[in-house]
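Have a look at the structure below, then the notes.
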Amino acid sequence: MKPVATAFQDIQQGDIHDYDDIIQYFNFRQVKQELPKEPRSITFVTTGIIPYDGGQTTMLHLGTELSKRGFQVYYLSYVAQSREAMEINAGFNYSGYQGTCLDMSALAHHQSDIWLGTLWESVYVFKDKPGYKMYFVQDYEPYFYAYGDRSYLAKKTYELGLHMISLGPWCAEMIKKNCHVRSPLDVIRFPVDAGRYPFQPREFSEYKNKSVFTIAAYTKWSSPRRAPISIQIVLSNCARIAQKHGIQLNIAYFGTDQSKQFINGKNLGKLTKKEMYERFLRADFGIAPSMTNFSLVPYEMMSSGLPVIDFYEGTGLSFIPEDCALFCHLDETSLFQTLHDAIHSPERITNTVQHAQAHLTAVTWKDTLSDFMEVINRLPIETAS
């Protein structure tokens, strides 16, 4: 008997050769910290520069603000990407960025007063280099993987003695809950660049008379933390319920390569910031689920004046007060009821949008940079181990 060929494979068990280029740096020794009296150089160690990447956009924005403060800022790739490609993608993600891109060839000789990890892999790459080692934590990365090899390697990086800076409180809470923390763990506010998504008032009172509504739904096909499977199921089933009540839901997905086919709605693909803003102005509601740390997109939707729907099962309540969004459970019945109630009580939507605007004034890049500089200014100057 011969087996029948299938189009799918067993779960990948892991391949150490995925890390052949950087395996020489991997070990579990605690870091040794040293910081000059006047640190001037800061290096972000990163997986190249990837277009449409929110985390790297945040990195570039932070690096630019630090550059304006007089720091020599570098973005050092530990994967094979040309410096030219890094620069092009950096400019796409954050126009006018400041700082110097360095390709992988600089790993062996580059020196820095402060090193900043941006992904668990990067920590192993620079942890034994001279200087002060920090970790810009934008997500609880063990959750990126099924329990096993990579989840363990990711979790271990929080226990190696690096000075951690959590973007928002959720990551810090997860690290304290799940890890043996041996080093400083600070929290800075999760910011939005509201100027790129200016507020546009809407007549929510007209919702009562509408029968067709457009939902702008952000998700990433290959990112479980953006719930790409769950959100399709919930929105598809919710649309069927809505139809029985005389309401048509038009779903406009974005954030995923246009070659992917969603089970309902339309896939607009990956959008530029200008295209996203125009989409927000044409939509009636916005959805951008986050199952781990937060995404920039809900803040950007709120900034434009788009009412946001978020889910109790996600992490939204760690970043926005409950009165800033229409919260419901991640199932079609709860979502439809929330939409139905909001449509027939437009004053609730108005209040939600007003509260969101007020909240955004407390999560500006000015506040985030102030938080970050406060951490930098109180760093220990003496050598520690």
For this session: Take each of the peptides 309-317, 141-149, 118-126, average the number of other beta-carbon atoms within 10 Å over its residues, and list them starting from the highest.
Result: 118-126, 309-317, 141-149
Seminar exercise, completed: Given backbone amide H placed at 1.01 Å from N, residues whose amide H is under 5 Å from that of residue 182, ignoring those fewer than 5 places away on the same chain, are 161
Problem set entry | Choice from 81, 261, 232 with maximal GNM fluctuation in the chain (Cα, 10 Å cutoff) | 261
Exercise. In degrees from 0 to 90, rounded to the nearest 10, what is the angle of the helix 228-244 Cα long axis to the longest principal axis of the chain?
Worked result: 10 degrees
Seminar exercise, completed: In the stretch 165-249, the trypsin sites (Lys or Arg not before Pro) that sit in a DSSP loop and have at most 16 other Cβ atoms within 10 Å of their own Cβ are 182, 210
Exercise. In this model, which of 32/156; 220/266; 32/176; 274/366; 133/177; 127/156 are farther than 18 Å apart at the alpha-carbon?
Worked result: 32/176; 274/366; 133/177
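Multiplying the sequence separation of residue 32 and residue 182 by 0.36 nm and subtracting their Cα-Cα distance, what value in nm do you get?
52.8 nm
Taking a cut-off of 37 Å, what percent of all Cα-Cα pairs in the chain are separated by more than that?
For the chain, the share of Cα pairs beyond 37 Å comes to 26 percent.
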Exercise. Under a 1.4 Å probe, what is the accessible area of the stretch 195-361 per residue, stated in Å²?
Worked result: 43 Å²
For this session: Under 19 Å Cα to Cα from residue 208, which aspartates and glutamates show up? Leave out anything in the same chain fewer than 8 places away.
Result: 284, 341, 347
Seminar exercise, completed: With a ≥ b ≥ c from the Cα gyration tensor eigenvalues, square-rooted, and the rule rounded for a/c under 1.5, otherwise prolate when a/b > b/c and oblate otherwise, the stretch 62-146 is rounded
Exercise. If the cut-off is a Cα-Cα distance under 12 Å, which aspartates and glutamates reach residue 129, setting aside same-chain residues fewer than 8 apart in sequence?
Worked result: 34, 113
Problem set entry | Distance (nanometres) between label positions extended 7 Å along Cα→Cβ at residue 147 and residue 203 | 5.5 nm
For this session: Among the aspartates and glutamates, select those whose C-alpha is under 14 Å from the C-alpha of residue 273, and discard any that sit fewer than 8 residues away in the same chain.
Result: 53, 193, 300
Seminar exercise, completed: Carbon and sulfur atoms account, in whole percent of the 1.4 Å probe accessible area of the stretch 195-361, for 49 percent
Exercise. Considering the chain as a Gaussian network with a 10 Å cut-off on Cα pairs, which listed residue, 227, 252, 80, attains the greatest mean-square fluctuation?
Worked result: 80
Seminar exercise, completed: By the Cα gyration tensor axes a ≥ b ≥ c (a/c under 1.5 gives rounded; else a/b larger than b/c gives prolate, otherwise oblate), the shape of the stretch 195-361 is rounded
Problem set entry | Calculated [θ] (222 nm, deg cm²/dmol) that DSSP helices of n ≥ 4 give over the chain, each run adding -39,500 (n - 2.57) | -10000 deg cm²/dmol
Exercise. Efficiency by 1/(1 + (r/R0)^6): what FRET value for residue 110 and residue 377, r their Cβ-Cβ distance, R0 = 25 Å, to the nearest 0.05?
Worked result: 0.55
Seminar exercise, completed: With the 8 Å Cα cutoff and a minimum separation of six or more residues, the chain has a relative contact order in percent of 15 percent
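The values are calculated or read from the model by the stated rules, or taken from the named source; none is laboratory data. In this text the structure is predicted, and so the values were computed from the model without any measurement. As a convention, Cβ positions derive from the backbone with ideal geometry for all residues, glycine included, and neighbour counts pool all protein chains shown. Surface areas here come from the heavy atoms of the whole protein model, side chains and all, with no ligands, DNA or RNA. Shrake-Rupley method; radii C 1.70, N 1.55, O 1.52, S 1.80 Å.
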